[in-house]
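Below is one structure, written out as structure tokens, with a few remarks after it.
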Ligand SMILES: N[C@@H](CCC(=O)N[C@@H](CS)C(=O)NCC(=O)O)C(=O)O
């Protein structure tokens, strides 16, 4: 997709979803062991779960299940169903299918609160998520021929980030497992792009947060940021990340 069209449609997709998956709770409890989500970036049901994960400030290991890929075949073999999303929580030994059950579980377990009504199963919510996938021309839907990665990658992102979405879509199409580190916004100073914050003061994330940790390491907070332990690569800039992923993993 041409870059300007790509970013415009990604921004529209987030707008259609009223920018759910932007802010991150400061109160949610963090699990000891990483959650695992079997999902597909273009799946309108899975989007709700990813929005909830950003809003709860939870990281998750993504097991991408594009159509025609091996993960979805394995899921069907193992559990008899290829319904997505499926969440595995090793902290409580739970395996949960279906977006509404997963969202209720996550809010209950990690915030002791009901989910916001914008994540409920309503006609408007469902339609906006379906349109968000349509506007992305179903990017992140189908598997492409790819080389496997030995170790999972790490992507710093948040659900509504227009620059991060194309990267997540490509990771899904390439069927590359990755740790999704959600860096949702937690205060007014976090708003705006990394190089044009909406506040005039020098940027300072809230202390003792994931953003603060990232800031101390990199001197700013910007997503997407990709870490690939297989090649020792660390990259900012969505365009460079997309080029890197294709060059390293696409099997032409
Ligand atoms: N040119 C960068 C732009 C990245 C960017 O501005 N990302 C936004 C999120 S969409 C960001 O990091 N904002 C700062 C923040 O969230 O603190 C790219 O293409 O990756």
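The values are calculated or read from the model by the stated rules, or taken from the named source; none is laboratory data. This structure is a prediction, so every number in the text was calculated from the model and none was measured. FYI the Cβ positions are ideal-geometry reconstructions off the backbone, even for glycines, and counts take in every protein chain you see.
So here's what we get for this one:
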| read-out | value |
| --- | --- |
| Filter result for residue 144 (surrounded by 14 or more Cβ atoms within 10 Å (Cβ to Cβ), part of a loop (DSSP other than H, G, I, E, B), more than 13 Å from the ligand (Cβ to nearest atom) and at pLDDT 95 or above) | yes |
| Any hit, region 130-140, residues being touching a strand residue (DSSP E or B) at 6+ places or on another chain (Cβ under 9 Å) and more than 21 Å from residue 239 (Cβ to Cβ) | no |
| Total residues in region 42-56, condition out of contact with any helix residue (DSSP H, G or I) (no Cβ under 7 Å at 6 or more places or on another chain) and either assigned to a loop (DSSP other than H, G, I, E, B) or surrounded by fewer than 21 Cβ atoms within 10 Å (Cβ to Cβ) (or both) | 1 |
| Residue that is surrounded by the fewest Cβ atoms within 10 Å (Cβ to Cβ), among those in region 167-204 that are modelled with pLDDT of 95 or more and within 9 Å of the ligand (Cβ to nearest atom) | 185 |
| Residue check for residue 80: on the phi > 0 side of the Ramachandran plot and either touching a residue at least 12 places away in the same chain (Cβ under 8 Å) or out of contact with any helix residue (DSSP H, G or I) (no Cβ under 7 Å at 6 or more places or on another chain) (or both) | yes |
| Some residue of region 59-76 being under 14 Å from residue 109 (Cβ atoms) and touching a strand residue (DSSP E or B) at 6+ places or on another chain (Cβ under 9 Å) | yes |
| Residues of region 203-252 satisfying the condition of being in a loop (DSSP other than H, G, I, E, B), over 26 Å from residue 22 (Cβ atoms), touching a residue at least 24 places away in the same chain (Cβ under 8 Å) and out of contact with any strand residue (DSSP E or B) (no Cβ under 8 Å at 6 or more places or on another chain) | 252 |
| Selection from region 205-218 of residues that are more than 20 Å from residue 229 (Cα to Cα) and within 11 Å of the ligand (Cβ to nearest atom) | 205, 211, 215 |
| Odd one out for residue 249 among (1) surrounded by 15 or more Cβ atoms within 10 Å (Cβ to Cβ); (2) near the ligand (Cβ under 10 Å from one of its atoms); (3) within 30 Å of residue 150 (Cβ to Cβ) | (2) |
